[in-house]
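Comments concern the structure below.
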Amino acid sequence: MTETASITPALLVHNLTKIYKVKGSAPDKTALKGINLEVKPGSFFGLLGPNGAGKSTLINIIAGLVNKTSGEVSICGFDTVKDMRAARSAVGVVPQELNLDAFFTPREVMEFQAGLYGVPTSARRTDEILAAMGLSDKADVYARTLSGGMRRRLLVAKAMVHRPEVLILDEPTAGVDIELRQQLWSYVKKLNDEGTTIILTTHYLEEAEELCDTIAIINHGEVVACEPTESLLSKLDMKNVCLLLGHDITEVPENLKQFNATLTHGRRLNISYSPSKTEMAKILKAAADDGLNIIDLTTEEPDLEDAFLQMTSAG
Ligand SMILES: Nc1ncnc2c1ncn2[C@@H]1O[C@H](COP(=O)(O)OP(=O)(O)OP(=O)(O)O)[C@@H](O)[C@H]1O
């Protein structure tokens with residue numbers, strides 16, 4: 001099926017600016033410099049960027065917690081200002097802070113939230129969501145007795161109460177151990193498979209690489225990249241090759257020095273190169289001219305960490 005321009009984006013951000021007014025003589029802080037973003041419905045979208053890049057500001061504007069300075073944001077076609085109620089019902093946000101009322105139980109948190117969003121009792125899924133988050137046996141204990149990981153999962157459960165079409169997860173796995181992280185992801189993936197659009201901010205690049213079909217990188221309040229994960233990675237003009245030798249050497253041989261080869265072990269040479277500028281055949285010829293006996297060769301593609309560093313190092 002060909003995509004048509006008429007599909008309503010899950011999230012549309014147009015020319016969005018945020019300037020924080022700072023008290024006193026300090027200059028105002030521009031956190032977002034006219035950014036544009038489009039998230040397709042059903043996408044698993046990653047929002048990455050170094051600390052202070054503007055991710056939280058963006059998420060808080062989408063969630064209606066921070067006022068924008070200029071520009072437009074719409075969720076599933078609803079403008080966050082003109083159609084505020086509809087926009088808010090279309091989105092669920094899992095915040096970074098573990099802000100839960102200590103004297104509510106998970107069941108009460110869920111029921112209270114369902115009430116706030118007007119979810120009829122017959123349509124509530126408190127037990128189902130708590131079970132999916134591994135919280136069934138904690139459903140009736142005070143939130144203050146829950147561990148950090150459990151609180152995080154309760155916040156995810158809470159954000160899902162009104163079945164939002166778009167779920168935003170702001171650093172959801174910070175402080176969550178590996179096993180529970182897997183559990184969280186399997187539930188979030190299931191929601192995504194069922195059609196929920198997921199927007200994720202994370203510092204775990206491998207997590208974004210594994211989960212997200214599209215990734216935006218934001219730096220200094222600007223979007224520096226936004227494209228399908230695979231094409232983002234394939235654009236990186238960098239590859240690593242590792243040569244395993246049949247004999248020990250003590251230093252990088254003469255002909256391979258031009259490729260900035262490094263000796264990581266008596267029999268292992270690593271070379272990073274740009275495929276567009278250097279042909280592998282040239283590296284192999286240099287190695288042969290150096291009289292090296294290569295018994296094995298492995299190549300490595302760049303990962304998201306490389307992309308991230310490359311895209312954010314310019315600023
Ligand atoms: N209330 C505020 N008043 C003034 N400046 C602010 C305020 N909130 C954020 N900023 C500034 O705006 C910029 C963007 O901050 P933001 O929290 O959105 O970044 P971030 O990408 O979410 O970072 P992190 O990954 O650390 O959460 C930063 O320079 C920050 O200091």
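The values are calculated or read from the model by the stated rules, or taken from the named source; none is laboratory data. Everything numeric in this text was worked out from a predicted model, so none of it was measured. For neighbour counting, all protein chains shown are included, and Cβ atoms are generated from backbone atoms with ideal geometry for every residue, glycine included. Heavy atoms of the whole protein, side chains included, go into the accessibility calculation; ligands, DNA and RNA do not. Shrake-Rupley method; radii C 1.70, N 1.55, O 1.52, S 1.80 Å.
How do 100-106, 121-127 rank on mean C-beta neighbours within 10 Å, highest first?
Going by the mean number of other Cβ atoms within 10 Å, highest first, we get 100-106, 121-127.
When DSSP assigns beta bridges and you keep just the ones with both residues in the chain, what percent turn out antiparallel, to the nearest 5?
70
Once the piece of chain linking residue 123 and residue 293 is laid out straight, how much longer is it, given 0.36 nm per residue of separation minus the C-alpha distance between them?
54.3 nm
Give the calculated FRET efficiency between residue 179 and residue 112 to the nearest 0.05, with a Förster radius of 25 Å applied to their Cβ-Cβ distance.
0.30
With the cut-off at 1.5 for a/c, could you classify region 116-191 from its C-alpha gyration tensor as rounded, prolate or oblate?
Oblate, because a/c is 1.5 or more while a/b does not exceed b/c.
In debye, nearest 20, what is the charge dipole magnitude of region 161-229 about its Cα centre with +1 on Lys and Arg Cβ and -1 on Asp and Glu Cβ, if you could check?
240
What is the dipole size for the chain, taken about its Cα centre, with +1 at each Lys and Arg Cβ and -1 at each Asp and Glu Cβ, in debye to the nearest 20? Write down the numbers at each step before the final one.
Details: 32 positive and 42 negative charges, 260 e Å.
Dipole size: approximately 1240 debye.
If each residue of separation counts as 0.36 nm, what is the full-extension length gain between residue 163 and residue 193 once their alpha-carbon separation is subtracted?
9.4 nm
For region 137-192, what is the accessible area per residue in Å², given a 1.4 Å probe and the full set of protein chains?
42
Can you tell me which of 292-301, 49-58, 152-161 comes out highest on packing, and rank the rest after it, using the mean Cβ neighbours within 10 Å?
152-161, 49-58, 292-301
Can you tell which of 81, 104, 146 lies farthest toward the positive end of the dipole of region 1-156, using +1 and -1 charges on the Cβ of basic and acidic side chains (Lys, Arg; Asp, Glu)?
Value: 81.
Do the sum for the chain: with -39,500 (n - 2.57) for every DSSP H run of n ≥ 4, divided by all residues, what is the mean residue ellipticity at 222 nm, to the nearest 500 deg cm²/dmol?
Helices in the chain give a 222 nm mean residue ellipticity of -8500 deg cm²/dmol.
What number comes out for accessible area per residue over region 239-312 if the probe is 1.4 Å? Units Å², please. Display every interim value, and only then the final one.
Working: 4410 Å² over 74 residues.
Counting only protein heavy atoms, the per-residue value for region 239-312 is 60 Å².
Tell me the carbon and sulfur percent of the accessible area for the chain, rounded to whole percent, probe radius 1.4 Å.
The computed percentage sits at 50.
Could you state the number of Å between the C-alpha centres of region 145-205 and region 58-131?
Cα centroid to Cα centroid, the span is 14 Å.
For the pair residue 40/residue 272, report the inter-label distance in nm, with labels modelled 7 Å from Cα in the Cβ direction.
With each label point 7 Å from Cα toward Cβ, the separation is 3.2 nm.
What's the Kirkwood radius of region 188-249 in Å, using all Cα pairs? The partial results should precede the final answer.
Working: mean 1/r = 0.0687 Å⁻¹.
When all Cα pairs of region 188-249 are included, the Kirkwood radius is 14.6 Å.
So if each residue of separation counts as 0.36 nm, and I subtract the Cα-Cα distance between residue 237 and residue 249, what length gain in nm does that give?
1.4 nm
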